[in-house]
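Below is one structure, written out as structure tokens; the observations come after it.
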Amino acid sequence: MTFSWFIVYIFVLAIIGTITVTFSTYVLQKLLQSSWFLPFKVKLNPREPNRAQYKHEVIAQLKSVFLSILIGYGAVLYIIFYGYSKLYYNFEEYSIWWLILTVPAMVILSDLYLYILHRSLHSKLFYNRIHLVHHRSIRVNVFSSYSLDVIEAVAYTLFLAIFIFFSPTHILNFILFMGLTVVYNFYIHSGWEILPTSNSLVKALNTATMHHLHHIKHDYNFGLYTSLWDRLFGTYLDMQSCKLAQNNKQS
């Protein structure tokens, strides 16, 4: 494929991807507002976002998704198409253990990458310039997921390019991780909790409850998939601790 056709390919992919993500966001938001869909779910904020917030989120999402595909995933596909990645297609090329452990390794390493990036975006240098776009979503909902500044959106996608440039990755694991990223991002921004947060295993994850608290208490819960790095670096906050701190403050 010539570079000119590659640019056309990425541009068309960015249009299709933006339409797909926006439509999926709308459908999921409507489903979550229905009582029959995941009837065990718990609403984290009793008040719905106002029209101004929805408008901001939709416009920001259209920009961030389109340009993150065009630039960020464009970089990913460039190194794949032109032979710079270590993506492989035959199961026999690497051991079965590496095939099994690739996605967990991607989750842990990307979680560290995103923790560092996200915490950096909360610094005085970057917060108002870049990250405030996302934190204008006070009442978190599915449309908040990709309501991002373009720089932030592109920066988040670069982990994938870095990983497949240095590490052998089967194409199925590559696709699985991309799908997991989208689904999990929707989940933590949904405004609904669907996991038993009191469970010890679930506490190892970054849940929708944890991220809901992040949008209220900005200095905590920077992870995407897990609570590992927040616990290690002292930025973990759960709902019980938050309520206890509020009660102590009021007394």
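No value in this document is a laboratory result; all are computed from the given coordinates. Since we're looking at a predicted model, the values are computed, not measured. Neighbour counts run over all protein chains shown; Cβ positions are idealised from the backbone, glycine included.
For segment 1-73, rounded, prolate or oblate, judged on the Cα gyration tensor with a ≥ b ≥ c (square roots of eigenvalues), a/c < 1.5 rounded, else prolate if a/b > b/c?
prolate
Could you pull out the pairs from K43/K203; K63/K217; K55/K124; K124/K217 whose alpha carbons sit more than 22 Å apart here?
Flagged as over cut-off: K63/K217; K55/K124.
Wrap a convex hull around the Cα atoms of segment 1-129, take a quarter of its surface area, and give that in square nanometres.
12.5
Relative contact order, percent, of the chain when contacts are C-alpha pairs under 8 Å separated by at least 6 residues?
25
What is the spin-label model distance, in nm, from L101 to L31 if the labels are put 7 Å beyond Cα along the C-beta direction?
According to this spin-label approximation, the distance is 3.4 nm.
With a Cα-only, solvent-free Debye model of segment 96-251, what are the log10 I(q)/I(0) values at q = 0.14, 0.15 Å⁻¹?
-0.73, -0.83
Would you mind calculating the gained length between R51 and F166 on full extension (0.36 nm times residue separation, minus the Cα-Cα distance), in nm to one decimal?
Going from the current span to full extension adds 37.0 nm.
Report the equivalent ellipsoid semi-axes for segment 141-204 in whole Å, largest first, defined as the square roots of five times the eigenvalues of the gyration tensor built from alpha carbon atoms.
25, 18, 10
Nearest 10 degrees is fine. How inclined is helix 239-250 to the longest principal axis of the chain, computing both from alpha carbons?
The answer is roughly 40 degrees.
Quick one: Debye curve from the C-alpha atoms of segment 164-234, no solvent, what's log10 I(q)/I(0) at q = 0.11, 0.18, 0.28 Å⁻¹?
Log10 of I(q)/I(0), two decimals: -0.33, -0.77, -1.23.
Under a point spin-label approximation (7 Å from Cα along Cα-to-Cβ), what is the H122-V202 distance to one decimal in nm?
Result for the modelled spin labels: 2.3 nm.
Provide the descending list of Cα extents for segment 77-170 along its principal axes, expressed in whole angstroms.
Taking max minus min along each principal axis of the Cα atoms, segment 77-170 gives 48, 26, 24 Å.
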